[in-house]
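Student: Below: one structure in structure tokens.
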Amino acid sequence: MNQDCIFCRIAGGQIPAKELYRDEDVLAIEDVNPQAPCHALVLPLQHHDNIATLVEAGDGATTGKLFEVASRLGRERGGENGFRLVINTGSNGGQTVNHLHVHVLAGRPMTWPPG
Ligand code: 5GP
Ligand code: ZN
């Protein structure tokens, strides 16, 4: 638990969030500033700065769990029309909260390339 980290505080129940799913490893919440009709965030309960540091830590089980939960939410929310998973990483990646999270976006057509 990193007291300076907003997602650690959400994971610890110190800051409220609309929870969609929680187990012993990961938490899924609604994004406070949604960019699509469905915009969820899936994050590990344990603090990792980003996907690169999680992979470097060798925690393949948590990596897999994040994708399992994100994909399931995308299927539930996006149905046959699909969905998008995004992991912004570092400053050039557009990451603003330095606690790893997978964005799950669904409910409208997405465009490409990203900004
Ligand atoms: P990033 O820019 O790091 O990829 O994504 C951070 C996301 O976290 C943004 O989409 C932002 O709206 C969301 N966010 C920031 N603070 C909070 C918060 O306190 N609660 C929730 N639910 N989402 C947050
Ligand atoms: Zn954290």
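Quick note: the coordinates plus some simple rules give every number you see, no bench work behind them. What you are looking at is a predicted structure, and each value in this text was computed from that prediction instead of being measured. FYI the Cβ positions are ideal-geometry reconstructions off the backbone, even for glycines, and counts take in every protein chain you see.
Student: Any idea how many residues of segment 27-61 are within 22 Å of GLY94 (Cβ to Cβ) and touching a helix residue (DSSP H, G or I) at 6+ places or on another chain (Cβ under 7 Å)? Even if it seems obvious, please write down each step before you answer.
Tutor: As a first pass, look at segment 27-61 and keep what is within 22 Å of GLY94 (Cβ to Cβ): 27-44, 47-56.
Next cut, touching a helix residue (DSSP H, G or I) at 6+ places or on another chain (Cβ under 7 Å) only: 27-29, 38, 40, 42-44, 47-48, 54-55.
Total satisfying the criteria: 12.
Student: Of the residues THR89, THR96, which single one is within 16 Å of ligand 2 (Cβ to nearest atom), without any contact (Cβ under 8 Å) to a residue 24 or more places away in the chain and assigned to a loop (DSSP other than H, G, I, E, B)? Break it down into steps so the answer makes sense when it comes.
Tutor: Values: THR89 fails: without any contact (Cβ under 8 Å) to a residue 24 or more places away in the chain.
Sole residue among the options that is within 16 Å of ligand 2 (Cβ to nearest atom), without any contact (Cβ under 8 Å) to a residue 24 or more places away in the chain and assigned to a loop (DSSP other than H, G, I, E, B): THR96.
Student: Looking only at segment 66-86, count how many residues are closer than 12 Å to ALA40 by Cα and outside any helix (DSSP H, G or I).
Tutor: Count: 4.
Let's see how each residue does on (1) within 16 Å of ligand 1 (Cβ to nearest atom); (2) surrounded by 19 or more Cβ atoms within 10 Å (Cβ to Cβ):
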residue: LEU41; (1), (2): yes, yes
residue: GLU68; (1), (2): no, no
residue: SER71; (1), (2): no, no
residue: GLY82; (1), (2): no, no
residue: LEU85; (1), (2): yes, no
residue: GLY93; (1), (2): yes, no
residue: VAL97; (1), (2): yes, no
residue: MET110; (1), (2): yes, no
